[in-house]
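The structure appears right after this line, and notes come after that.
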Amino acid sequence: MSDTSTAAAAPAAKKPRWTFQWKELYEEVITSGLCTGCAGCVIACPHDVIGYRHEPGEYYPFHLEEELGLDDCVHGVKGCTSCTRACPRFRAWEPEADEHLFGRRRNDDEMSGVYKDIILTRASDDFVYDVGQDGGLVSAILIWCLENGIIDGALVSHLEGEAAGWKAIPGVATNRDEVLAAAGSRYTYSANTMAYPEAAERGLKELALVGMSCQTSIGPVMWHRKVGKVGRPIKLNIGLLCSKSFDDSMFDELFWIKYGLRKEDIKKMNIKGVFQVWMHNGDYHEISLKECHAWTREGCLHCPDFAAEHADISTGGIGDVSDWTLTVVRTPLGREIIVRMLQEGIIEGRPGDADPGAIALMHKLSAKSRQRWPSWAAPEARVGLPARG
């Protein structure tokens, strides 16, 4: 009889020590084209040496210290690894976030990520419905979660003053009025994570993050890589389906110069095959998306995630039913919130297959986005795509 006790008692292989710092992040993500400008590294830096410009043509992190130049960090040399631990495009970010949230990796046929349910929802409150985008679901969720003590604040985007028109900037919402002030789609980029320092300064400890696909991977990646206390306050992750965002200069260089549409006069925007623009005076305009492509933000060119695959709840106004929100429920927390809101009549719901075109379009756009991920980068984001010859 063989003795298997030695083999049974053998310790598990030790996980390699994480040693990657700003130098690797700069080389592999920031200057390679993978950086989305999500600012996860900025808020995670414990030494405040990573800067960020929230301006047209910018939206990238950069190193503030001069000792070792732009591509290295004194603190990184000494062992600080917070920036790479927080980056949702560094190394094997997708399977790590999947494992943390779902206990498994995405399968070949799950191009839109792992999820539990797909339904159509909209806010029952007429005012929230009217002010919000495509049914007002996100606004309804934030208001309900604030009023029920699930969160005490949300990282969102606001518009910067009257004169600036449609420049989206990060902000914090802590009540119904502030949530509704942040309602509506911008289609330009706002790194909502940059509102984190304000939330911390105000003593907020239970936060929702509303963000585009790239931003919703920040929390799970941080948690998996144990970045530290910065990820702990993010309790709820609401993702916005997103194929791309546009540079703010599009308003002046296309909308104004070619079409005479001043950004200060725009009331609402949407994308339904074309760029739809409603003006304060009641006028309605449509602009071809092909014309807008030239203003695609550089950080979106390689992003593989259309469906906000690491959110608790992913939402978007796609498909034939324009006044309902396609709602992808991914986590137990996401399901609990949606179920309770339906039970209380805060939102209305319909089966997702009431609009099969919307689900098919989500999967199609998800596959199309994944094709943008370079073959030289971490291969997991291309799982399910045909191998390149």
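Here are a few things to note about the model shown:
- Across segment 98-196, the relative contact order, built from alpha-carbon pairs under 8 Å that are at least six residues apart, equals 21 percent.
- Counting only DSSP beta bridges whose two residues both lie in the chain, roughly 70 percent are antiparallel.
- Whole-Å distance, taken between Cα centres, linking segment 232-247 and segment 299-374: 12 Å
- His63 exposes around 10 Å² of accessible area when a 1.4 Å probe is run over every protein chain in place.
- Cα-based helix-to-principal-axis angle, 93-102 vs the chain, degrees rounded to 10: 90 degrees
- In the chain, the DSSP-assigned H stretches of four residues or longer account for a calculated mean residue ellipticity at 222 nm of -7000 deg cm²/dmol, using -39500 (n - 2.57) per stretch and the full residue count as denominator.
- Rounded, prolate or oblate (a/c below 1.5 giving rounded, otherwise prolate when a/b exceeds b/c) for segment 114-221 by Cα gyration tensor: rounded
- Normalised contact order of the chain, rounded percent, pairs of Cα under 8 Å and 6 or more residues apart: 20 percent
- Candidate aspartates and glutamates - alpha carbon under 13 Å from Lys267, same-chain residues fewer than 8 apart omitted: Asp130, Glu162, Asp283
- Range in the chain, longest, excluding exposed GluC sites (Glu not before Pro) [loop by DSSP; at most 11 other beta-carbon atoms within 10 Å]: 68-343
- For the listed residue pairs Lys15/Lys235; Lys226/Lys290; Lys15/Lys368; Lys229/Lys268, the alpha carbons are over 32 angstrom apart in Lys226/Lys290; Lys15/Lys368; Lys229/Lys268.
- Residue order by solvent-accessible surface for Lys244, Lys167 is Lys244, Lys167, largest first, with ligands and nucleic acids left out and a 1.4 Å probe.
- Of the trypsin sites (Lys or Arg not before Pro) found in segment 307-389, those that fall in a DSSP loop while having at most 14 other beta-carbon atoms within 10 Å are Arg388.
- Residues Thr19 and Trp256, FRET efficiency given R0 of 45 Å [Cβ-Cβ distance, rounded to 0.05]: 0.35
- Checking (1) 40, 26, 17; (2) 30, 28, 18; (3) 34, 26, 22 against the coordinates, the calculated semi-axes √(5λ) of the Cα gyration tensor in Å falls under label (3).
- Helix 137-147 and the longest principal axis of the Cα set of the chain meet at an angle near 70°.
- Seen against the Cα atoms of the chain and their longest principal axis, helix 332-343 is set at about 30 degrees.
The values are calculated or read from the model by the stated rules, or taken from the named source; none is laboratory data. Everything quoted here is computed from the prediction, not taken from an experiment. Counting neighbours? That spans all protein chains shown, and the Cβs are built from the backbone with ideal geometry, glycine included. Just the protein is used for accessible areas: all its heavy atoms, side chains included, with ligands, DNA and RNA removed. Shrake-Rupley method; radii C 1.70, N 1.55, O 1.52, S 1.80 Å.
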